[in-house]
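Chemist: A single structure is presented below for examination.
The values are calculated or read from the model by the stated rules, or taken from the named source; none is laboratory data. Just so it is clear, the structure is predicted and the values come from calculations on it, not from any experiment. Every residue, glycine as well, gets a Cβ built from its backbone with ideal geometry; the counts of neighbours run over all protein chains shown. These area figures cover heavy atoms from the full protein model, side chains too; ligands, DNA and RNA do not enter into them. Shrake-Rupley method; radii C 1.70, N 1.55, O 1.52, S 1.80 Å.
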Amino acid sequence: MPAIGLVYDGHAQHLPPASARATHIETPERVSVIYRALGKARLLDRLTRVAPREATRAEAEAVHTAEHLDALEALADAEPSLRGAWRGGAGGGWSLGRDMFHDAQTACAARRAAGGVVALTEAVLRGEISSGFALVRPPGHHACEDRMAGFCFLNSVAVAARAALSPRGGLRRVLVVDWDVHHGDGTQAIFEEDPAVLFFSLHRFGRGFFPGTGAASCVGGGAAAGNRAAWAIYCLRSTLVEILITRTFSLLTRVKLAGRTVNVPFRREGMGDAEYLAAFDALLLPIARALPSSSSPPRAHPRLARDWAESRREPSIRSSSSSRPASTRRAATWRTSRGAGAGPLPDSSLPPSSPP
């Protein structure tokens, strides 16, 4: 049986400014402490190492806008700073705040984090490992297609999911399970209209808890929409214990009232293994098993839909970047150092940022 893989990027750069380094919680120690714990438990020898690499511009553009990636790249020449979130579009840019930070290494660190998750995903798809753990930073699940927030610059999981759904990856469906205490608002926003991706999140919710999103009534949109009325009725008639223990939701799944976004908002502290396992057993597994297979292309990103159509017509896979104008590719400005044999894949008001 293939082994379990590990991507570890001990990238010691991307540091908070010196004035905040002693107190800021998003530091290299977030990953190095976990790595040492794996070694102390003698688990490292049982893991297959997968080399990290930088995500390519084409891989990142399958999720993020060109404006977003240009703004990230510009951080390499910007003065190190503590800031709020960044948002693209009219009137966009950096907002006020003091928890997001960047330095000259931030863009590289974000690309390596996203690329490391993609490399791990590729190894699973090739059958070299059965599963894997990406121990990388900065985190990613608060990053939207045109927003950097919550310490997140590139949405690593979303980039890897889109790579898996590309013609080269060959998958038709992806399940993303997010059990961070904060809601993965960026991941939900990216996939909420994509019927090829089921996004399932368990998180704290309410009373101003960051980021303030992830209500149970959020069930997706477009081709991935669910029935909001059914969700509202279900939530009103169920207490938290009933939601986790009863099998009512599996009935909603069978009659296809659920969408491709499923949020399990915990409204109080103290949830532990029992509650999470109950949610997996009573909600996640029935929903995932009921998700119909699909031969349709992903809908959320036009380039992936085009690539899918091309792969159905032709035996060879063409890079989508070759069909785009050079002015939009900006390949020369995207610094990358892919590993050997990795081959390219086809191509307001914001709440205050907070730890992911």
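To keep it simple, each residue is scored yes or no on (1) open to solvent by 30 Å² or more (accessible area, probe 1.4 Å); (2) outside any strand (DSSP E or B); (3) within 25 Å of residue 162 (Cα to Cα); (4) at pLDDT below 70.
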| site | (1), (2), (3), (4) |
| --- | --- |
| 198 | no, no, yes, no |
| 238 | no, yes, no, yes |
| 264 | no, no, yes, no |
| 269 | yes, yes, no, no |
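Chemist: Can you find, within segment 278-294, the residue that is modelled with the lowest pLDDT among those that are open to solvent by 40 Å² or more (accessible area, probe 1.4 Å) and part of a loop (DSSP other than H, G, I, E, B)?
Modeler: Among them, the one singled out is 294.
Chemist: Would you check which residues across segment 76-104 are surrounded by 17 or more Cβ atoms within 10 Å (Cβ to Cβ), assigned to a strand (DSSP E or B) and of a type outside the set (D, E, K, R) and list them?
Modeler: 86, 100, 101, 102
Chemist: Considering only segment 114-136, how many residues are over 19 Å from residue 68 (Cβ atoms) and either out of contact with any strand residue (DSSP E or B) (no Cβ under 9 Å at 6 or more places or on another chain) or in a strand (DSSP E or B) (or both)?
Modeler: Total meeting the criteria: 11.
Chemist: Which members of segment 1-31 meet the condition of being part of a helix (DSSP H, G or I), of a type in the set (A, V, I, L, M) and surrounded by 14 or more Cβ atoms within 10 Å (Cβ to Cβ)? Talk me through it step by step, then tell me what you get.
Modeler: Pass one, segment 1-31, residues part of a helix (DSSP H, G or I): 18-20, 29-31.
Keeping just the survivors that are of a type in the set (A, V, I, L, M) gives 18, 20, 31.
Correct list: 20, 31.
Chemist: Looking at (1) in contact with a Lys or Arg (Cβ under 7 Å, 6 or more places away or on another chain); (2) more than 30 Å from residue 191 (Cβ to Cβ), which is the one condition that is false for residue 63?
Modeler: Unmet condition: (2).
Chemist: Still on this model: With the checklist (1) open to solvent by less than 10 Å² (accessible area, probe 1.4 Å); (2) out of contact with any helix residue (DSSP H, G or I) (no Cβ under 6 Å at 6 or more places or on another chain); (3) under 23 Å from residue 34 (Cβ atoms) in hand, flag the one item residue 131 doesn't pass.
Modeler: Residue 131 satisfies every listed condition except (1).
Chemist: Kindly indicate whether any position in segment 32-42 is part of a loop (DSSP other than H, G, I, E, B) and either surrounded by fewer than 20 Cβ atoms within 10 Å (Cβ to Cβ) or in contact with a Pro (Cβ under 7 Å, 6 or more places away or on another chain) (or both).
Modeler: Keep residues of segment 32-42 that are part of a loop (DSSP other than H, G, I, E, B), which gives 41-42.
Remaining after also requiring either surrounded by fewer than 20 Cβ atoms within 10 Å (Cβ to Cβ) or in contact with a Pro (Cβ under 7 Å, 6 or more places away or on another chain) (or both): 41-42.
Checked against the condition, which is being part of a loop (DSSP other than H, G, I, E, B) and either surrounded by fewer than 20 Cβ atoms within 10 Å (Cβ to Cβ) or in contact with a Pro (Cβ under 7 Å, 6 or more places away or on another chain) (or both), segment 32-42 yields at least one hit.
Chemist: What number of residues within segment 152-183 are out of contact with any helix residue (DSSP H, G or I) (no Cβ under 8 Å at 6 or more places or on another chain) and crowded, with 24+ Cβ neighbours inside 10 Å?
Modeler: Number of matching residues: 1.
Chemist: OK, next. Got at least one residue in segment 105-113 being at pLDDT 95 or above and either under 21 Å from residue 175 (Cα atoms) or assigned to a loop (DSSP other than H, G, I, E, B) (or both)?
Modeler: yes
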